[in-house]
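Just so it is clear, none of the values below were taken in a lab; they were calculated from the coordinates. Bear in mind the structure is a predicted one, so any value in this text is a computation, not a measurement.
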Amino acid sequence: MYVMIRRYRLAGSSQELLRRIREEFVPIITGLPGFKAYHVVDCGGLEAMSISFWETKVAARQSTDEAQKWISRSALGLIPFPPEKLEGDTLLDIIE
């Protein structure tokens, strides 16, 4: 499994961003091949983090393209800066 973590600095309400993610972005990524899971974390202090899980690196990279398009179209005012990025293959998966 491939994991992507993105840390965002926000310029506005995390609640408004969360609403847009739920209504607009979730339908996009859940329809992509290889999608496994998506989490959004409120880090406080106008910071948020997304964690997404994919079957392969190729599938994950496709989601990055879709995310960049969506941010440019729908969330640029709330996410004005590029995110910090971490990604890689999982070494150990434990799921209850």
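Rg over Rh of the chain, using C-alpha atoms and the Kirkwood radius, what does it come to? Can you show the working numbers first?
Values: Rg = 13.1 Å, Rh = 13.7 Å.
That ratio is 0.95, to two decimals.
Please enumerate, by chain and number, the aspartates and glutamates with C-alpha under 19 Å from the C-alpha of Lys85, excluding those fewer than 8 residues away in the same chain.
Output for Lys85: Asp42, Glu47, Glu55, Asp65, Glu66.
Subtract the Cα-Cα distance of Lys57 and Ala37 from 0.36 nm times their separation in residues, and report this length gain in nm to one decimal.
On the way: separation 20, 0.36 × 20 = 7.20 nm, distance 1.41 nm.
Additional length available on full extension: 5.8 nm.
Can you give the relative contact order of the chain as a percent, counting alpha carbon pairs under 8 Å and 6+ residues apart?
Working: 144 pairs, mean separation 46.0, N = 96.
With pairs under 8 Å counted, the relative contact order is 48 percent.
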